[in-house]
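Comments concern the structure below.
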Amino acid sequence: MKKKSGRNIWGFDGSFMSFCDKLFDLMILGFLWILCSLPLITVGASCTALYYAVVKCIKNHEGYVSRAFFHSFRQNLVPATILWVVFAGVSFLMQLNIGILSEKTSGYIGLFFIVLYVLVCIYAVITACYAFPALSRFDMPVGWILKISLYMGVRYFPTSLMLMVILACFGAFIWNVPLLILFVPGPAAFLMSEFLERILKKHMPAG
């Protein structure tokens, strides 16, 4: 077997430089995600654009990350914002109900509804994990994106569980070291795409 030379690994065309390029691009995408999420109402569009650019440019080596990001951001701004308002609204209502029940009720009935609202909130987060990537890949109305995401969240429960673990881990990193928010979004999207792409490809329209 022919031994690889050090030049192939450490040179400009080597695996180390390729890794550094990808890492740098992920950092750029993380910065763009934060910048475009600042109005808060555009968080959904930023998530959609982040996933699109990660898959297109980092995984498939096509185009430039900033160009791909803003292309997807502009294209999906309206539907992504609608989805974001739905998910944020559901999560807010569930958390509001949990807070009210915690203060006003006690016993098993109150505990039952608190657990129920927590599960609904978690399911909303899981659905969002599928919805924005699906929006970046599929040319479908918002209603269909929401329906297929609700289905995926249950149908692929092991993957849904893994996505929640990834979010929880990266969330814990940011909670303990807030400055990491500048570096986390890109790698988090890349890691989640490793699981999501296998599912999204199964639902790609034929032809």
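The values are calculated or read from the model by the stated rules, or taken from the named source; none is laboratory data. These numbers were taken from a predicted model, which means no experiment stands behind them. Reconstructed Cβ throughout: ideal geometry from the backbone, glycine too, with neighbour counts over all protein chains shown.
Out of all the residues in region 168-207, which are closer than 15 Å to I126 by Cα and polar (S, T, N, Q)? S193 - this is the single residue of region 168-207 that is closer than 15 Å to I126 by Cα and polar (S, T, N, Q).
Out of the residues in region 51-66 that are under 16 Å from L200 (Cα atoms) and not small (G, A, S), which is surrounded by the fewest Cβ atoms within 10 Å (Cβ to Cβ)? My answer is N60.
Only a single criterion out of (1) more than 25 Å from Y151 (Cα to Cα); (2) touching a helix residue (DSSP H, G or I) at 6+ places or on another chain (Cβ under 8 Å) is not satisfied by F87, namely (1). State yes or no: is L135 surrounded by 11 or more Cβ atoms within 10 Å (Cβ to Cβ), aliphatic (A, V, I, L, M) and within 16 Å of T48 (Cα to Cα)? Taking the combined requirement at face value, the residue satisfies it.
The single condition among (1) under 18 Å from A134 (Cβ atoms); (2) in contact with a Ser or Thr (Cβ under 7 Å, 6 or more places away or on another chain); (3) surrounded by fewer than 18 Cβ atoms within 10 Å (Cβ to Cβ) that I41 does not satisfy is (1). Criterion applied to R7, R74, R67 was being out of contact with any helix residue (DSSP H, G or I) (no Cβ under 8 Å at 6 or more places or on another chain), among the basic types (K, R), modelled with pLDDT under 90 and part of a helix (DSSP H, G or I), and the one residue passing it is R7. All told, L146 falls short of being assigned to a helix (DSSP H, G or I), within 16 Å of the chain's Cα centre (by Cα) and within 24 Å of G30 (Cβ to Cβ). Please tell me if M17 is part of a helix (DSSP H, G or I), in contact with a helix residue (DSSP H, G or I) (Cβ under 9 Å, 6 or more places away or on another chain), surrounded by fewer than 21 Cβ atoms within 10 Å (Cβ to Cβ) and at pLDDT 90 or above. Criteria not met by M17. Comparison of V177, V165 shows that the only residue that is surrounded by fewer than 17 Cβ atoms within 10 Å (Cβ to Cβ), at pLDDT 95 or above and closer than 29 Å to D21 by Cβ is V165.
Just wondering, is there one or more residues in region 96-113 that are within 23 Å of F73 (Cα to Cα) and touching a Gly at 6+ places or on another chain (Cβ under 6 Å)? No, region 96-113 contains no residue that is within 23 Å of F73 (Cα to Cα) and touching a Gly at 6+ places or on another chain (Cβ under 6 Å). For A80, the criteria (1) in contact (Cβ under 8 Å) with a residue 24 or more places away in the chain; (2) more than 17 Å from T42 (Cα to Cα) hold in every case but one, which is (2).
Looking only at region 180-207, which residues are in a helix (DSSP H, G or I) and loosely packed, with under 11 Cβ neighbours inside 10 Å? The answer is K201, K202. Here is the figure for region 42-64: residues that are farther than 22 Å from A88 by Cβ and outside any helix (DSSP H, G or I) total 5. Taking the condition part of a helix (DSSP H, G or I), over 15 Å from the mean Cα position of the chain (by Cα) and modelled with pLDDT of 95 or more, does V154 pass? Answer is yes for this residue. Taking region 28-80 as the range and being touching a Gly at 6+ places or on another chain (Cβ under 6 Å) and either within 16 Å of M140 (Cα to Cα) or β-branched (V, I, T) (or both) as the test, only A80 passes.
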